[in-house]
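Enquirer: Take this structure first; my questions come after.
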Amino acid sequence: MVHRILDRRSSVFLAALLVASAVPLAAQGGRDLLVPEPPVRAGAVRSGLVPRAADVPVSVRVRDLQAAPRDAVGVASPATELYQYDDDDLEAPLYLVDDETEEPLFEFELAQRFGLSGPGTVAYAVMCLGRDVDDTSAELDFGLNFYSSAGAVPASLLRGFEGTVQLEAGTYTCFTLRGAVEGLELGGGAVWVAVSWLRATPPENTKFLMADEDGPGGGRRAFRARVTEGEDWLEWQADTNPDIKAYGIRLAVDHTEPDPDPEPDPDPDPDPDPDPEPPTDEGYTDCEPETTPLVFDGGYKVGLCYETPEGDIGEGKGGIWASGESGLLWFFSRGNAEVLIKVLDGCGFNGHRWVFMAPVTDVAFNLHVTDGNGQSWSRRNRQGEVAVPARDTFAFRCSE
């Protein structure tokens with residue numbers, strides 16, 4: 001297994017010092033994420049405090065236009081949101097070594113998970129790297145990789161980039177990466193951004209990724225390594241060290257809004273304004289669930305009742321399939337699922353529990369999700385209309 005311990009007594013070394021100069025960043029291919037059981041143990045320690053140099057913008061060039069498109073989507077003036085979990089003062093320089101030999105492994109990759117508030121395009125990324133005062137080599141080749149999420153660790157590679165920077169000995173710098181990464185389209189929710197690099201020759205010239213020990217924190221962190229050149233990557237491992245709050249990786253995303261529908265041309269001979277129609281509950285059912293067929297992690301209870309076109313009232317039933325955070329409900333036949341409901345833990349992203357509902361029915365129903373404090377999230381469907389899915393990433397506020 002790979003583990004990571006940030007302690008001066010551990011047998012893994014993580015350190016970072018850095019200054020920067022601009023170098024190209026270009027698209028690269030993905031890597032195989034199916035790896036065998038790790039043959040060695042690895043961990044990490046910090047090497048002491050290093051001063052910070054001035055931040056440096058890195059202008060990047062596109063090497064493969066098809067692999068790294070530059071065109072952004074959305075309106076001309078999107079709202080850029082910077083996702084940052086550190087306090088802008090990084091104390092811990094990190095890289096990975098073999099627990100037994102205390103030698104740096106061949107290649108490292110450290111990843112930070114970000115909870116995006118919605119779909120968008122990358123405006124820029126930031127990585128904070130460093131170089132030891134005794135390091136005799138200024139240049140570092142690095143990889144910048146975007147992954148989908150498998151919960152506590154990265155999953156599939158979405159897009160990979162590579163580049164080179166020049167580092168000043170005895171300090172660290174935060175690089176702003178633009179160019180080829182600009183306009184990369186990302187969906188909402190969890191996305192991982194990772195920085196990878198090779199150990200140096202001699203090992204004392206190995207560079208570092210900076211980390212924050214006393215900032216606000218947020219998201220998740222993970223790391224993996226390759227022991228020697230030509231070997232497969234070891235498995236991703238979640239970094240659960242409580243002394244580290246965030247890696248020195250940040251992500252700026254343009255969250256665009258769709259263009260509004262154009263105003264229709266005015267009617268030259270408008271009719272007099274008719275009396276407004278009062279709202280109606282016609283077609284909905286006034287039933288209330290009496291049973292709790294699903295209970296999810298955290299005590300979130302799901303109840304659903306329905307009414308047929310003939311006026312028969314029934315309760316949604318569980319038992320087809322369920323886990324700690326999602327499950328299926330059925331009405332008339334256990335083999336015929338009607339509604340998928342999910343309550344997900346988004347506390348590390350935006351401080352809320354998320355509710356997703358995917359119905360496949362045109363029967364009138366009332367659905368309620370209730371937390372332990374009596375707060376409720378509800379949806380209903382009109383008789384004869386195909387119910388539509390719902391997503392609410394602010395359904396329940398997480399407890400402190």
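The values are calculated or read from the model by the stated rules, or taken from the named source; none is laboratory data. These numbers come from a predicted model, not from an experiment. When we count neighbours, we look across all protein chains shown, and the Cβ atoms used for this are built from the backbone with ideal geometry, even at glycine. For the accessible areas, the whole protein counts, side chains as well, though only heavy atoms, and no ligand, DNA or RNA atoms are used. Shrake-Rupley method; radii C 1.70, N 1.55, O 1.52, S 1.80 Å.
Enquirer: Looking for something part of a strand (DSSP E or B), free of Cβ contacts under 8 Å to residues at least 60 places away in the same chain and open to solvent by less than 10 Å² (accessible area, probe 1.4 Å) - is there at least one such residue anywhere in the stretch 147-154?
Expert: yes
Enquirer: Can you pull out every residue in the stretch 155-170 that is crowded, with 23+ Cβ neighbours inside 10 Å and within 20 Å of the chain's Cα centre (by Cα)?
Expert: Step one: list which residues in the stretch 155-170 are crowded, with 23+ Cβ neighbours inside 10 Å, which gives 161, 163, 165, 167.
Hit for the stretch 155-170 is F161, nothing else.
Enquirer: Still on this structure, please answer the following. So is N336 in contact with a Cys (Cβ under 6 Å, 6 or more places away or on another chain), closer than 23 Å to T285 by Cα and of a type outside the set (S, T, Y) or not?
Expert: No.
Enquirer: Okay, moving on. Scanning for something of a type outside the set (F, W, Y) and either in contact with a Ser or Thr (Cβ under 8 Å, 6 or more places away or on another chain) or part of a strand (DSSP E or B) (or both), does the stretch 211-218 turn up at least one residue?
Expert: yes
Enquirer: Related question: Tell me, yes or no, whether the stretch 358-369 has at least one residue that is touching a Cys at 6+ places or on another chain (Cβ under 6 Å) and among the charged types (D, E, K, R).
Expert: Of all residues in the stretch 358-369, those touching a Cys at 6+ places or on another chain (Cβ under 6 Å) come to 366.
If we keep only those that are among the charged types (D, E, K, R) too, we end up with none.
The answer is no, given that none of the residues of the stretch 358-369 is touching a Cys at 6+ places or on another chain (Cβ under 6 Å) and among the charged types (D, E, K, R).
For every residue, the table says whether it meets (1) farther than 23 Å from A246 by Cβ; (2) open to solvent by less than 40 Å² (accessible area, probe 1.4 Å).
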site	(1), (2)
L82	no, no
P93	no, yes
D99	yes, yes
G120	no, yes
M127	no, yes
V133	yes, no
E139	yes, no
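Enquirer: How do the strands (runs of 3 or more DSSP E) wholly within the stretch 79-140 filter down when requiring 3 or more residues that are closer than 24 Å to E231 by Cβ: which remain? Give the steps one after another, and end with the answer.
Expert: Details: elements: 79-83, 92-94, 96-98, 107-116, 120-131.
In the stretch 79-140, the matching strands (runs of 3 or more DSSP E) lie at 96-98, 107-116.
The rows are residues; the columns are (1) open to solvent by 40 Å² or more (accessible area, probe 1.4 Å); (2) within 25 Å of the chain's Cα centre (by Cα).
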{"site": "R334", "(1), (2)": "yes, no"}
{"site": "I341", "(1), (2)": "no, yes"}
{"site": "F356", "(1), (2)": "yes, yes"}
{"site": "R382", "(1), (2)": "yes, no"}
{"site": "E385", "(1), (2)": "yes, no"}
{"site": "V388", "(1), (2)": "yes, no"}
{"site": "F394", "(1), (2)": "yes, yes"}
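Enquirer: Could you run through the stretch 205-254 and say how many residues are farther than 21 Å from A155 by Cβ and of a type in the set (S, T, N, Q)?
Expert: 4
Enquirer: With the stretch 290-347 as the region, which strands (runs of 3 or more DSSP E) entirely inside it contain at least 3 residues that are of a type in the set (A, V, I, L, M)?
Expert: Strands (runs of 3 or more DSSP E) meeting the threshold: 337-346.
Enquirer: What pairs come up if the first residue lies in the stretch 232-250 and is under 18 Å from M210 (Cβ atoms), the second is among the acidic types (D, E) and buried (at least 23 other Cβ atoms within 10 Å of the Cβ), and their beta carbons are under 6 Å apart, counting only those six or more places apart or on different chains?
Expert: These pairs meet every condition: A246/D86.
Enquirer: List the residue pairs whose Cβ atoms are under 8 Å apart, where the first residue sits in the stretch 377-395 and is more than 13 Å from I341 (Cβ to Cβ), the second is open to solvent by 100 Å² or more (accessible area, probe 1.4 Å) and in a strand (DSSP E or B), and the two are 6 or more positions apart or on different chains.
Expert: none
Enquirer: Here is a list: A72, A68. Which entry is at pLDDT below 85, part of a loop (DSSP other than H, G, I, E, B), closer than 30 Å to N350 by Cα and open to solvent by 30 Å² or more (accessible area, probe 1.4 Å)?
Expert: Exactly one residue qualifies, and that residue is A72.
Enquirer: Count, please, the residues in the stretch 171-188 that happen to be open to solvent by 10 Å² or more (accessible area, probe 1.4 Å) and assigned to a helix (DSSP H, G or I).
Expert: Looking only at that region, the number is 0.
Enquirer: Take the stretch 293-319 and flag every residue that is surrounded by fewer than 17 Cβ atoms within 10 Å (Cβ to Cβ) and farther than 18 Å from Q375 by Cβ.
Expert: T308, P309, E310, G311, D312, I313, G314, E315, G319
Enquirer: Give the stretch 189-209 a look and list any residue that's in a strand (DSSP E or B) and over 20 Å from the mean Cα position of the chain (by Cα), or say none.
Expert: Within the stretch 189-209, W197, L198, F208 meet the criteria.
Enquirer: Let me ask something additional. Restricting to the stretch 358-373, and then to whatever is among the hydrophobic types (A, V, I, L, M, F, W, C) and within 28 Å of the chain's Cα centre (by Cα), can you tell me which residue is least open to solvent (accessible area, probe 1.4 Å)?
Expert: Looking at residues that are among the hydrophobic types (A, V, I, L, M, F, W, C) and within 28 Å of the chain's Cα centre (by Cα), I get V369.
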